[in-house]
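S.K.: Below: one structure in structure tokens.
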Amino acid sequence: MHSKRICPEFPTTSFQTSCSREARRAWELHQAGVIRELYFRADKSLAVLILECADGDEAKEILATLPLVCEGLIDFEIISLAAYPGFARLFSD
């Protein structure tokens, strides 16, 4: 899970151009199976991306290919996730 923060001083027209490139790159990563899920939070202007990767370092490398990250306009908080172990505890006999 990742959150993004936007730099408020960036000119709107330039930002919109960058957003178009950002969307294209996100689509490419989604089509390649790297971005598994992509959401916006309902309560804030933050994106949440679920990535298919080995670890946080690989996630940073992937996110670094996004134009808004390259331009220093957004950054992401990397949160590593693990599979839910509860089912195995319930159904292991």
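S.K.: Could you check how many residues of the stretch 56-74 are within 12 Å of the chain's Cα centre (by Cα), surrounded by 15 or more Cβ atoms within 10 Å (Cβ to Cβ) and outside any helix (DSSP H, G or I)?
M.R.: Residues flagged as within 12 Å of the chain's Cα centre (by Cα), surrounded by 15 or more Cβ atoms within 10 Å (Cβ to Cβ) and outside any helix (DSSP H, G or I) within the stretch 56-74 amount to 2.
S.K.: On to the next question. Would you say ILE50 is outside any helix (DSSP H, G or I), under 12 Å from the mean Cα position of the chain (by Cα) and of a type in the set (A, V, I, L, M)?
M.R.: yes
S.K.: Would you pick out the residues in the stretch 1-35 that are modelled with pLDDT of 95 or more, surrounded by 12 or more Cβ atoms within 10 Å (Cβ to Cβ) and not in a helix (DSSP H, G or I)?
M.R.: Across the stretch 1-35, the qualifying residues are VAL34, ILE35.
S.K.: While we're looking at this one, here's another question. Just give me the residues in the stretch 75-92 being among the aliphatic types (A, V, I, L, M) and loosely packed, with under 11 Cβ neighbours inside 10 Å, in sequence order. Steps first, please.
M.R.: Filtering the stretch 75-92 for residues among the aliphatic types (A, V, I, L, M) gives 78-79, 81-83, 88, 90.
Passing the criteria: LEU81, ALA82, ALA83, ALA88, LEU90.
S.K.: Being loosely packed, with under 10 Cβ neighbours inside 10 Å and at pLDDT 90 or above is the filter; apply it to the stretch 42-54 and report the residue that is farthest from SER18 (Cα to Cα).
M.R.: Result: ALA54.
The values are calculated or read from the model by the stated rules, or taken from the named source; none is laboratory data. Note that this is a predicted model, so its numbers are computed, not measured. All Cβ positions, even for glycine, are placed from backbone atoms using ideal geometry, and neighbour counts span all protein chains on display.
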